[in-house]
Every structure is written in C-alpha cells, then in structure tokens.
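*Asks:* I have a structure I would like to understand better, so I am pasting it below and will then ask my questions one at a time.
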Amino acid sequence: MLRCDTLIRNATVYDGSGAAPEAADVAIGGAKILAISPSLDCYAVMTIEADGLALAPGFIDTHTHDDTAVLRNPAMLPKISQGVTTVVTGNCGISAAPVRLKGEPPDPMNLLGDASAFRFPTFAAYAAAVAEMRPAVNVAALVGHTALRNNNMDALDREATADEVAGMRVQLEEALQHGALGLSTGLAYLSANAATTDEVVALAEPLADAEAIYTTHLRSESAAILDALQEAFTIGGRARVPIVVSHLKCTGVDNWGRSTEILTVVETARAAQPVVWDCYPYAASSSTLDLRQVDPRVKITITWSTPHPEAAGKLLAQIAEEWNIPQLDAARRLQPAGAIYHGMAEDDVRRILRHPATMIGSDGLPLDPHPHPRLWGAFPRVLGYYSRDERLFPLEEAVHKMTGLPALNFRLAQRGLIREGYYADLVLFDPIAIRDMATFDDPAQPAAGIDRVWVNGVASYSAGEVTEKRAGRYLPRASTTVRSE
Ligand code: ZN
Ligand code: CU
C-alpha cells in the first residue's frame, strides 16, 4: 500500500488551473504532493477528513513589501493566516537587497524599516538569510530599481549617469545569478521619478537572457496613466521582457471610471507583448504620505508619522482642522509619514478584479502601526466577499488568480497547482465561512474560515495558530542555474 505523511480525504479540490472543482483525496509525502485520486488507498501518518472543505494550492502573494518582515517576524501570521504560502518581495522599486546605505533609507525604502533593517550588501546574502531563517512562507524576491539607484547615486532627483547605470547593472546581475525574479521600479516616487525610460531600459536589458521579469509601479496611476502604461510597454518591448504592472488602478477623483479604457489599452498591448498585472481588492491605497495625492475630496488616514506619532489612525482633515491649517500644510508637517488614501472608485476596482488576467497581490505594509487591512485580508476578501457574496467570478477563478496564474507569470516552478510531484503548498478552507475580518478601523485581524495551511508539506497553520515548525524556502527564479540551498 502507498505510504504518505498526510492524507487529506474527500476535499473539494480547486486545483489552481481555473477548472471546476472535483472531490478527491490528496496525499502528501515529504515536501511534495504524492497522489491525487477520487479515492486513495494509502497508509498515512495523519489523516484529515475534509468533507465540505475546499482544498486549493497555497496562495501566492504577488505583491508584497515583506522583505524584512520575513526575517523580523518569520511566523508571518498576517499572510499564513490568509492561506498565503509564497510572498514575492522587492516590489515598487524597493528591496532589502542589494543595499548599501549612506544614512537613513530614502522614501519609500523606509517602508521596509530604518537603516538597521538594511543588512544585505549583496542579494546572495539576503537569499542566504531567508533560507537560514526559514520563515513560515516561501520567499521569492525582486530587485528594486530605487534600491540600486540609492546604492550608486549621491542624489536621486536626477537621471543616472552611464557609470551609475553600469554600477547598478553589476548589482542587478549578481542578484539574477542568485535567483532574483527580476527588476521592479517605483517610477511614481520622487526617488525614482527622475529616471528616464532609457535608464530603465538599460537595466531591463540583462533580464531577457536571464528569463527574468520587469514589474512596475507605474510613473502615474492618475491623469497620466496612459503615458505611464506606454512607457512600461516600451521598456518591455525594447528589453524584450515580460511586464507585470503592479496594483493596476485608477487613482484620484478625476480618474474615476477610466478602468474600461485602461483595460482596453492593456489588452491591446497583450496582443503584441507579454503584459500582466496584479490588483488588491480595496478602493483605498496606502504608502508613504505623498503631498501630490493630498486632495480635500479624498479621505486620507495617517497611519504613522515620525514627528507626530500621535497622528496615527487620525484623518488628515481632522489634524488640519485641529492645527487650523490647510491639509497640504498639515501633510508637510507630518512627514515622514504613512497614509491610506480612499482615492478609488469601487466600480473600477471590481472591473479590474473581474478581468481574467488579473492576479491578486496584497501590497500589505507589515511594519505599519495602523496598516491598511489588505495586509491581513486581501485573499479571503477576494474569495469570500468578491467571489461568494458579490459573485464577481466563480471560486475556481478566484483561486486561479492567486495560484496557477501568478506561478506561471512569476515563473515559480512546481507551485501554484495541485498536481502530482508539485510542492505541497496547500490551503484547506471553508468556502461558506471564509471572510476577511480585517477592517480599516481594526486591521490586524486574521481571516475567518482558513482551516489549515501546509507549506512544503509541513502543517504550518491550523485552528488559528502558527505551528512551531516553519517550512518556507527561498525560491529562486525557475531559470536560475546556481543552486539555492
Ligand atoms: Zn507600489
Ligand atoms: Cu507596493
């Protein structure tokens, strides 16, 4: 008789491909899925009766800023409690490695911590630290363009010189050799905004041979979004690399309703070159406090402020009123600070989420003292609220958006599907009970309805608790030739 470590019996299996679910038994042996069958006869060390529960591949959070969180808080409760088994770090141009600081990290690298958090002058050192720490979730990492700029430039408010680009390329190539998924940019931020398209193309060129990807927080997500998308397509086209547009959205009251137009533009581009995108399921964004986004028509919550810690959790409008000054002046006084901007239209969020090519990424900010609820709630919100309650798409499609699709687009080998021989990253959840509990008022709340989570075959979360044994791995890009461990 077949022997296995864990047998999950009679689960409703959503295999991650988007196919309709089927009842099956799934056997785990070591780190892998051993067998899947309508009825498995096998000697199991542990058997789980999963009647009425859904079994899916562990969710892949395509868009995170968990670079330092996986080392500081390796239990990774905000993510594993949602069923997330892999996080992609290094988004929006900011990464923990490779970084050599000259002082404090520039905005928005400060989202990853203060200077003490940046301990990895090489990407290899970061990858080794993750492998050694074994966080509860797998970690795959991008290299941030802003991090590279800051390593090689004395000022970030200008274009890089040829020498500086050469210095960045050397560091990027070291990272690619050690399994980095690709390069990310955050061109909207002032620390990267002065970079020209040519500067980014020069950095994107080595990605093609490495079979790596280019992800981008666009230069604009508001009035100039079409130009910003065109720039991304140009970079991808000239460097011959696939593009991931991060957190696709229409920001700002004047842009509400433009999602149809934007989806048409990205769809047209897809006919000519590989373009994909991720999205978080909320009509509010969050990052450092950006003066350009202060608009009295948009509700803005301050989540942290270095000079005014007492402002955390308060509305900018309320602070401005107390201080008896305009919101823009109050925002200036609060900096450096973090904010949540209720600056999107719900209809746009839904239209983008519904698109079959849309992947789910949380964009959660794990160090924020008053985080946007997406940090704890993004995945159950898609499954429960948007799929089950609002019927935006069937559950198998919701699962596909967070498993098979991102594994394909981010080139994560043997993940994202329930298949024999694939890694046993699995989540067992109750499709009736699954719900995001995190709210804007009370954001640090684990989801309801997540029954169990396995990472590389190891039971890592059950009954609301992280287990003692953590089993996350550092995941090198599929095409990496060097060994990761
Ligand atoms: Zn971003
Ligand atoms: Cu981001």
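The values are calculated or read from the model by the stated rules, or taken from the named source; none is laboratory data. Quick caveat: nothing in here was measured; it's all calculated off a predicted structure. Because the Cβ atoms are built from the backbone with ideal geometry, glycine has one as well, and the counts that use them run over all protein chains shown. To get the accessible areas, we keep the full protein, side chains included, count just its heavy atoms, and leave off ligands, DNA and RNA. Shrake-Rupley method; radii C 1.70, N 1.55, O 1.52, S 1.80 Å.
*Asks:* Given a Förster distance of 30 angstrom, what is the FRET efficiency for Asp114 paired with Lys469, based on the Cβ-Cβ distance and rounded to 0.05?
*Replies:* FRET efficiency, Asp114 to Lys469: 0.45.
*Asks:* Quick check: residue separation of Glu49 and Glu321 times 0.36 nm, minus the Cα distance between them. What number comes out in nm? Display every interim value, and only then the final one.
*Replies:* Working: separation 272, 0.36 × 272 = 97.92 nm, distance 5.71 nm.
Contour length minus Cα-Cα distance gives 92.2 nm.
*Asks:* Rounded to a whole number, what % of the accessible area of segment 289-339 do carbon and sulfur atoms account for, probe 1.4 Å?
*Replies:* Here carbon and sulfur together make up 53 percent of the probe-accessible area.
*Asks:* Then there is this: Excluding ligands, DNA and RNA, what is the solvent-accessible area per residue of segment 359-441 at a probe of 1.4 Å, expressed in Å²? Intermediate values should be presented prior to the final figure.
*Replies:* Details: 2720 Å² over 83 residues.
Heavy-atom SASA per residue in segment 359-441 reads 33 Å².
*Asks:* Okay, moving on. Any chance you could give the angle, 0 to 90 degrees and rounded to 10, that helix 225-239 forms with the longest Cα principal axis of the chain?
*Replies:* 70
*Asks:* Here's something else I'd like to know. Assigning unit charges at the beta carbon (Lys, Arg +1; Asp, Glu -1) and nothing else, what dipole magnitude in debye, to the nearest 20, does the chain show about its Cα centre?
*Replies:* Dipole of the chain, to the nearest 20 debye: 520 debye.
*Asks:* Sticking with this structure for a sec: Might you tell me the accessible area per residue for segment 289-339, computed with a 1.4 Å probe and given in Å²?
*Replies:* 52
*Asks:* With each run of n ≥ 4 DSSP H residues scored as -39500 (n - 2.57), what mean residue ellipticity at 222 nm is computed for the chain after dividing by its residue count and rounding to the nearest 500 deg cm²/dmol?
*Replies:* Details: 14 runs with 129 residues, N = 485.
Calculated at 222 nm, the ellipticity per residue is -7500 deg cm²/dmol.
*Asks:* Just the number, please: carbon plus sulfur as a percent of the accessible area of segment 204-280, 1.4 Å probe, no ligands or DNA/RNA counted.
*Replies:* In segment 204-280, the share of accessible area belonging to carbon and sulfur is 52 percent.
*Asks:* A follow-up question, please. Say the dipole of segment 289-339 comes from +1 at the beta carbon of Lys and Arg and -1 at that of Asp and Glu; which of Ala331, Leu315, Val298 then lies farthest toward its positive end?
*Replies:* In segment 289-339, that residue is Val298.
*Asks:* I need the calculated FRET efficiency for the pair Asp254 and Arg100, taking r as the beta carbon distance and R₀ as 60 Å, to the nearest 0.05.
*Replies:* FRET efficiency, Asp254 to Arg100: 0.90.
*Asks:* Over the alpha-carbon set of segment 130-221, work out the extent along each principal axis and list the three values in angstrom, largest first.
*Replies:* On the principal axes, segment 130-221 reaches 39, 27, 24 Å in Cα extent.
*Asks:* Hey, another quick one. Within the accessible area of segment 72-195, what % is carbon and sulfur when the probe is 1.4 Å and the other protein chains stay in place?
*Replies:* The C+S portion of the solvent-accessible surface of segment 72-195 is 53 percent.
*Asks:* I would also like to ask the following. Step through the table entries Lys102/Lys299; Lys314/Lys401; Lys32/Lys401; Lys79/Lys401; Lys249/Lys299; Lys79/Lys102, compare each Cα-Cα distance with 25 Å, and write down the pairs that go over it. Before the final figure, lay out each step's value.
*Replies:* Working: Lys102/Lys299 36 Å; Lys314/Lys401 34 Å; Lys32/Lys401 22 Å; Lys79/Lys401 16 Å; Lys249/Lys299 17 Å; Lys79/Lys102 32 Å.
Too far apart for the 25 Å limit: Lys102/Lys299; Lys314/Lys401; Lys79/Lys102.
*Asks:* Looking at the chain only, what percent of DSSP beta bridges run antiparallel? Nearest 5 please.
*Replies:* Roughly 55 percent of the beta bridges in the chain run antiparallel, per DSSP.
*Asks:* Another question, if that's okay. Rounded if a/c is under 1.5, else prolate if a/b is larger than b/c, else oblate: which is segment 289-339, with a ≥ b ≥ c the root eigenvalues of its Cα gyration tensor? Mind showing how you got there, number by number?
*Replies:* On the way: a/c = 1.38, a/b = 1.19, b/c = 1.16.
Cα axes put segment 289-339 in the rounded bin.
*Asks:* Treating the beta-carbon of each Lys and Arg as +1 and of each Asp and Glu as -1, no other charges, what is the dipole magnitude of segment 355-485 about its Cα centre, to the nearest 20 debye?
*Replies:* Charge dipole of segment 355-485: 580 debye, to the nearest 20.
*Asks:* For helix 197-210, report the angle its Cα long axis makes with the longest principal axis of the Cα atoms of the chain; keep it between 0 and 90° and round to the nearest 10°.
*Replies:* 20
*Asks:* Magnitude of the Cβ-charge dipole of segment 289-339, K/R +1 and D/E -1, about the Cα centre, nearest 20 debye? Each step should come with its number before you reach the end.
*Replies:* Working: 6 positive and 6 negative charges, 27 e Å.
For this selection, approximately 120 debye.
*Asks:* Students often check this: by mean Cβ neighbours within 10 Å, which of 84-91, 387-394 ranks highest, and how do the rest follow?
*Replies:* In decreasing order of mean packing, 84-91, 387-394 become 84-91, 387-394.
*Asks:* Using alpha-carbon pairs under 8 Å, 6+ residues apart, how would you state the relative contact order of the chain in percent? If you can, show how the numbers build up before the last one.
*Replies:* Numbers: 1264 pairs, mean separation 100.6, N = 485.
Relative contact order comes out at 21 percent.
*Asks:* Give the share of C-alpha pairs in each 20 angstrom bin for the chain, from 0 to the last occupied bin, in whole percents, shortest bins first.
*Replies:* 25, 58, 16, 0
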